[in-house]
Amino acid sequence: MSNPDQAPAIILVRPQLGMNIGMAARAMANFALDDLRLVSPRDGWPNPDAGPAAAGADHVLESARLAESPAEALADCQLTFATTVRPRDMPKPVVTPREAAAMIRAGAARGLKAGILFGPERSGLTADDLAPVTTVITCPVNPGFGSLNLAQAVLLMGYEWFQSDAAPRPAAAPLPPAPHGEVAGLIAHLETALENAGYFHVPDRTPATKRSLAQLLTRPAFTSEEVRTLRGIIRALSEARKRRTNSGPERQV
């Protein structure tokens, strides 16, 4: 049965420091990766330095499996990848972490298991390590400084894997614009209020000014609620002006 959530195996080839294994496990746990495989770790396994660096990702360390070679670690994987900062001179496709994540996710939907090799901290993967894989993963980084540590490389790949499952969230549907009749009512309401306030005091310019107001009020595509709000504002201002006018000047006693 296919499992689109089937996570790839993270395979550390000849890792040197237990601390780095722990940090890699921590990076894996951040992105729901728990299949850790270790190929000939230099200081053996288990390693007491891994636990503190894992910062709680103990389940990843406890389930880690040992292998004697990359080929053995990849034995159950139909999709095989290797990370390297510089592709060797060999006829293998080279993809980015994001492209690889999409390939792994698509393969998982077909029930295919993927494995990703990460090389030793100092030297990276050798040509022999790369031989059993079908695809090379290279991260586009600063060409003047392309060095990633082991945990960073695992974190980067884990992030892209995790994000590849993030379905695009539909944007909130915009509210429909008010019918033109409502906007026309707003325009007429404003014109009346402005006429009462003496705004159109230059008769020759009144038509052009009204056209400008109409264009101004139709451009934003107001919703019905916004039209009602604006008309409420105009009404409140008009009534306040009317009250001031009706009250007349204050009489002195």
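The values are calculated or read from the model by the stated rules, or taken from the named source; none is laboratory data. This one's a predicted model, so the numbers in the text were calculated from it and none came from an experiment. Ideal geometry is used to build each Cβ from the backbone, glycine not excepted, and the neighbour counts take in all protein chains shown. These area figures cover heavy atoms from the full protein model, side chains too; ligands, DNA and RNA do not enter into them. Shrake-Rupley method; radii C 1.70, N 1.55, O 1.52, S 1.80 Å.
Details
- Filter result (modelled with pLDDT under 90 and touching a helix residue (DSSP H, G or I) at 6+ places or on another chain (Cβ under 8 Å)) within segment 84-124: 84, 88, 90, 92, 121
- Residue list for segment 213-235, filter: among the acidic types (Asp, Glu) and either surrounded by 14 or more Cβ atoms within 10 Å (Cβ to Cβ) or touching a Leu at 6+ places or on another chain (Cβ under 6 Å) (or both): 226
- Screening residue 53 on (1) farther than 27 Å from residue 142 by Cα; (2) modelled with pLDDT of 95 or more; (3) not in a strand (DSSP E or B) shows it passes everything except condition (2).
- Residues that are surrounded by 15 or more Cβ atoms within 10 Å (Cβ to Cβ) and not β-branched (Val, Ile, Thr), drawn from segment 201-212: 210
- Across segment 177-195, the qualifying residues are those that are surrounded by 16 or more Cβ atoms within 10 Å (Cβ to Cβ) and either charged (D, E, K, R) or not in a helix (DSSP H, G or I) (or both), and the one among them that is farthest from the chain's Cα centre (by Cα) is 191.
- Take the conditions (1) in contact (Cβ under 8 Å) with a residue 24 or more places away in the chain; (2) more than 20 Å from residue 151 (Cα to Cα); residue 91 misses just one of them, which is (1).
- Taking every residue in segment 33-49 that is on the phi > 0 side of the Ramachandran plot and pairing it with any residue that is open to solvent by less than 20 Å² (accessible area, probe 1.4 Å) and assigned to a strand (DSSP E or B), at least 6 positions away or on another chain, the pairs with Cβ-Cβ distances below 9 Å are 40/13; 40/67.
- Checked across segment 151-170, the condition of being of a type in the set (Val, Ile, Thr), out of contact with any helix residue (DSSP H, G or I) (no Cβ under 6 Å at 6 or more places or on another chain), modelled with pLDDT of 85 or more and surrounded by 12 or more Cβ atoms within 10 Å (Cβ to Cβ) holds for no residue.
- Scan of segment 33-59 for residues that are over 17 Å from residue 13 (Cβ atoms) and either open to solvent by 40 Å² or more (accessible area, probe 1.4 Å) or touching a strand residue (DSSP E or B) at 6+ places or on another chain (Cβ under 8 Å) (or both), ordered by number: 34, 46, 48, 49, 52, 55, 56, 58, 59
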